[in-house]
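Okay, so here's the structure we're looking at.
The values are calculated or read from the model by the stated rules, or taken from the named source; none is laboratory data. Predicted model, so just to flag it, every value in this text is computed and none were measured. When we count neighbours, we look across all protein chains shown, and the Cβ atoms used for this are built from the backbone with ideal geometry, even at glycine.
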Amino acid sequence: VLECLKAGPQPVVEIAKRLPVSRPAVSQHLRILKAAGLVEDHPQGNRRLYSVRREALAELRSYLESYWDTALAGYKVAAEERSTR
Amino acid sequence: MSTFVDLSPIVRSVQVPLDPEEAFTLFTEALDEWWPKEVHSMGEEKLAELVFETELGGRIFERWHDGSEHDWGRVVEIDRPRSISYDWQPNDLPPRPTFIQVTFTATEDGTEVRLEHSRWEALGDEAEEGRGGYSKGWQFVLGRFVEAAA
């Protein structure tokens, strides 16, 4: 689904045409992606257009950077304790 | 849709006052001594210990108080004490592992430890599998990310 959305915002029907799954299955995928913050939707006329929320990857990057900062800070403290033993 | 997305590896380095062998041992076999388990583990209060098997194909896993084991990843390359690489796939849940390489380089007053986390963008695809936000393993990484983003 994310692959299909790389080209730009699209409605469910267009996404379903490009995938070997039913339209309800696509809708289900989109709900999960939206709940995870990876896609967003905007109304256009009587339908909704879905697009990739690019900030999500930037947020994931930022989360992982802070994850490793926390872990390596613990590592450095332990290393300093070992060196003074 | 023209926003630039940076998918390059995440790189962190830290200088420690140990020689490379000691730094390597602390990072791996002594993982349990320093890892911030209270914030970065799947088991949290259920966690008994962290085990890092330093051999090719060795596992990195959590052992819980109930005796169960929960994988973080698997060693794919080892060149002690210069480097170790492992696939990182908490609880085998992300369909594709991300990749971590840690190098230990001797410096004048110790060792520079450099960690590179690549293929992490694959985590973004996990949500598509539908197991996404509903599994403990996935929450391990993305749950907090989603919370932070909310």
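Odds and ends about this structure:
- Summed over the stretch A:1-52, residues that are among the acidic types (Asp, Glu), closer than 26 Å to residue A:63 by Cβ and more than 10 Å from chain B (Cβ to nearest Cβ) total 2.
- Only listed residue being in contact with a helix residue (DSSP H, G or I) (Cβ under 8 Å, 6 or more places away or on another chain), basic (Lys, Arg) and farther than 22 Å from residue A:85 by Cα, chosen from B:46, B:37: B:37
- Residue satisfying all of: in the stretch B:89-116; hydrophobic (A, V, I, L, M, F, W, C) and crowded, with 17+ Cβ neighbours inside 10 Å; modelled with the lowest pLDDT among these: B:93
- Residues satisfying the stated conditions in the stretch B:65-86, i.e. farther than 18 Å from residue B:13 by Cβ and either touching a strand residue (DSSP E or B) at 6+ places or on another chain (Cβ under 6 Å) or surrounded by 14 or more Cβ atoms within 10 Å (Cβ to Cβ) (or both): B:65, B:69, B:70, B:71, B:72, B:73, B:74, B:75, B:76, B:77, B:78, B:80
- Residue A:12 in contact with a Leu (Cβ under 6 Å, 6 or more places away or on another chain) and in contact (Cβ under 8 Å) with a residue 24 or more places away in the chain: no
- Taking the stretch B:34-56 as the range and being closer than 14 Å to residue A:72 by Cα and surrounded by 15 or more Cβ atoms within 10 Å (Cβ to Cβ) as the test, the residues that pass are B:34, B:35, B:37, B:40.
- Screening A:50, A:63 for residues that are surrounded by 15 or more Cβ atoms within 10 Å (Cβ to Cβ), closer than 16 Å to residue B:10 by Cα and either of a type outside the set (A, V, I, L, M) or free of Cβ contacts under 8 Å to residues at least 24 places away in the same chain (or both) leaves exactly one candidate, A:63.
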